[in-house]
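Asker: Pasting in a structure now, in structure tokens, and then I'll have a few things to ask.
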Amino acid sequence: MKRASIVLLSLLSVALIAVVIACFQPGLAGSVGAAGPAGAAGPAGATGAHGAQGPAGPRGATGSAGSSGSSSGAVGATGSAGARGATGARGPAGATGPAGATGPAGVAGPPGPVGAAASSESALFFALMPPDNAASVPIGADVAFPEDGPSTTPGIIRTSLSTFALTTPGVYRVSFQVPVNEPGQLELTVNDLPVPYTVTGRATGTSPIALTTLIDVTTNSVITVRNPATSLNPLTITAFAGGYTPNSASLLIELVKAG
């Protein structure tokens, strides 16, 4: 009896184990059921990291030109004045403007002091060709003025046909004119010495050789009109220049200021 119970218990244990094993073993797959309805959309996932920049695509075709914009925009507001710049260089002088209207005459000033009396001492000497100066005037020789003209003083006197004394020291105005045929020069001498600034002459033509100048003498002096020692040739005094009346040469001596 006891043995039969053990056997029975063993059989039951085996059967129970078989049932348990059968429960844990998969069965044959059944057929796929129909798809269920779509579930609701889930929440958006987090933004993924930026991918690497892809290569540049090919250049697109040039678009058509746009319409021209306005030529100028609206004028902007005036800005504030800038700092004053440095003074520029002086420009060139402008053209002279027209003369203004003459102003009214000013008030007359007081009379000036009375000036020194003008000298009235003068003497004229001359020559007439012909008959005077019939021969040429050699180089280094003096022109003759043998005729006496008007005189206002005994202080300017003739000492020969070609020499004239100035007896009052002072400043004299001396004027001469001598018509000659050749190109040449004449000069004044004082006490037989040439006065360099009185040399005058002509290169061509038939006009007289003439000069007006001032000389200053400090003592009694003698003056002449001379064909300079450096001249190129003797001088022929022109006779009957331009007609049939004798031609003149003249020497005028005037005391301008005594002392």
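Asker: Do we have Leu214 as farther than 20 Å from Ala141 by Cβ and not hydroxyl-bearing (Ser, Thr, Tyr) here?
Answerer: yes
Asker: A further question on this structure: Taking the stated definitions as given, is Gly63 farther than 30 Å from Phe145 by Cβ, at pLDDT below 70 and either in a helix (DSSP H, G or I) or not aliphatic (A, V, I, L, M) (or both)?
Answerer: Criteria met by Gly63.
Asker: How do the strands (runs of 3 or more DSSP E) wholly within the range 189-243 filter down when requiring 1 or more residues that are at pLDDT below 95 and of a type outside the set (A, V, I, L, M, F, W, C): which remain?
Answerer: 200-202
Asker: Next question, about the same structure. Among the candidates Ile253, Ile209, Ile223, single out the residue that is surrounded by 20 or more Cβ atoms within 10 Å (Cβ to Cβ), under 51 Å from the mean Cα position of the chain (by Cα) and over 23 Å from Pro131 (Cβ atoms).
Answerer: Only one candidate qualifies: Ile253.
Asker: Find the residue count for the range 226-250, including only residues that are among the hydrophobic types (A, V, I, L, M, F, W, C) and buried (at least 18 other Cβ atoms within 10 Å of the Cβ).
Answerer: 3
Asker: Residues of the range 132-161 being under 21 Å from Glu121 (Cβ atoms), among the hydroxyl-bearing types (Ser, Thr, Tyr) and surrounded by 14 or more Cβ atoms within 10 Å (Cβ to Cβ), which ones?
Answerer: Ser151, Thr152, Thr153
Asker: Taking Gly140 and the conditions (1) in a loop (DSSP other than H, G, I, E, B); (2) more than 30 Å from Asn233 (Cβ to Cβ); (3) more than 38 Å from the chain's Cα centre (by Cα); (4) modelled with pLDDT of 80 or more, which numbered condition does it fall short on, given that it satisfies the others?
Answerer: With respect to (1) in a loop (DSSP other than H, G, I, E, B); (2) more than 30 Å from Asn233 (Cβ to Cβ); (3) more than 38 Å from the chain's Cα centre (by Cα); (4) modelled with pLDDT of 80 or more, Gly140 is out only on (2).
The values are calculated or read from the model by the stated rules, or taken from the named source; none is laboratory data. Keep in mind it's a predicted model, so treat the numbers as computed, not measured. A quick note on method: Cβ atoms are made from the backbone with ideal geometry, for glycine too, and the neighbour counts reach across all protein chains shown.
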